[in-house]
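The values are calculated or read from the model by the stated rules, or taken from the named source; none is laboratory data. Since the structure is predicted, the reported quantities are computational estimates derived from the model, not experimental observations. With ideal geometry, Cβ positions are generated from the backbone for all residues, glycine too; neighbour counts draw on all protein chains shown. Protein only, heavy atoms only, side chains kept; ligands, DNA and RNA dropped before computing areas. Shrake-Rupley method; radii C 1.70, N 1.55, O 1.52, S 1.80 Å.
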Amino acid sequence: MKKLLFPLAFLASAAAAFTPALAAAYEGMAKPWQLGFQPPATPVMEKLYEMHDYLLITITIITIFVLLVMTYICLRFRRAANPVPSNTTHNTKLEIIWTALPILILVAIAIPSLRLHYYMQRVADPQLTVKVVGYQWYWHYDYPDNGGFGFDSYIKKGKDLKPDDHRQLSVDNRLIVPVDTTVRVLLTGADVIHSWAVPAFGVKRDAVPGRLNETWFKATKIGTFYGQCSQLCGVGHGFMPIVVDVVSKDDFDAWVKQQQQGAGVAPASAAKAQGDDSKTK
């Protein structure tokens, strides 16, 4: 019995490492030896997860079917079993089948893909707007709904890292958003093309100079989520990570008041900014 304990423990640890669903209530970041996506933290990522599983099943069925057909052909029509080859050059039914079947497969993939695409693009009733500007090589965040205060977010250098920080992923100022809130993200670039990407949110949108792009997310879990710039924006490309803290709504309100005081923004002007924004909608 004791001899089985080590293999069982090894298999249990391997399952925990390789199964994203078992990767727990932890920070939203990739884990050593992890396969697959990070656990979803937004409705968009949940749908992307489902789409991935749907495509994986579809591809697996196609692969097995083609393997079986090729195996049958190799065995049934090999020289030993079929010494006199057929002279047939056309088979109308077969040609219709191998033309129609791929079309049906593409339609079965296209319909859910387009539905998901439009769902990801549609920002429905945003409750908070955040403006993100990409610089070489850091991020700048603004909160136009809350008086327009903002701050820069730089990567933490080695000497500034704390025990609970992650090298190459931690920043000095994190983006703070409330849980269960639809957040509209407006993105642009100040110099070159950057890309704001947070895998656990299912968000990846380019920040292009001279253009204002838009995306959204609604975090359903409280925690810290990590991302990185995913465009080759220069020699500092690997040194502009993204950290989003999802907090309770009460904690977010308290944080906003603190930031407004530090920036000299009166709560009254912040409320007016929110009212003007709702009129614009």
Number of the condition not met by residue 185 [criteria: (1) modelled with pLDDT under 95; (2) more than 20 Å from residue 265 (Cα to Cα)]: (1)
Cβ-Cβ distance below 6 Å, separation of 6 or more or different chains: which pairs start in segment 42-58 with a residue that is in contact (Cβ under 8 Å) with a residue 60 or more places away in the chain and end on one that is open to solvent by 30 Å² or more (accessible area, probe 1.4 Å) and of a type in the set (A, V, I, L, M)? 44/120
In segment 113-157, which residues are open to solvent by 60 Å² or more (accessible area, probe 1.4 Å) and among the acidic types (Asp, Glu)? 125
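Here is a yes/no grid of residues against (1) surrounded by 11 or more Cβ atoms within 10 Å (Cβ to Cβ); (2) part of a helix (DSSP H, G or I); (3) modelled with pLDDT under 85:
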site	(1), (2), (3)
6	no, yes, yes
12	yes, yes, yes
37	yes, no, no
49	yes, yes, no
60	no, yes, no
85	no, no, yes
89	no, no, yes
109	yes, yes, no
Kindly indicate the residue of segment 250-266 that is assigned to a loop (DSSP other than H, G, I, E, B) and touching a residue at least 40 places away in the same chain (Cβ under 8 Å) and also most open to solvent (accessible area, probe 1.4 Å) among those meeting that condition. 266
Residues of segment 219-249 being open to solvent by less than 70 Å² (accessible area, probe 1.4 Å), in a loop (DSSP other than H, G, I, E, B) and in contact (Cβ under 8 Å) with a residue 60 or more places away in the chain, which ones? 219, 220, 233, 234, 236, 240, 248
Identify, by number, the condition in (1) in contact with a helix residue (DSSP H, G or I) (Cβ under 9 Å, 6 or more places away or on another chain); (2) at positive phi that residue 125 doesn't meet. (1)
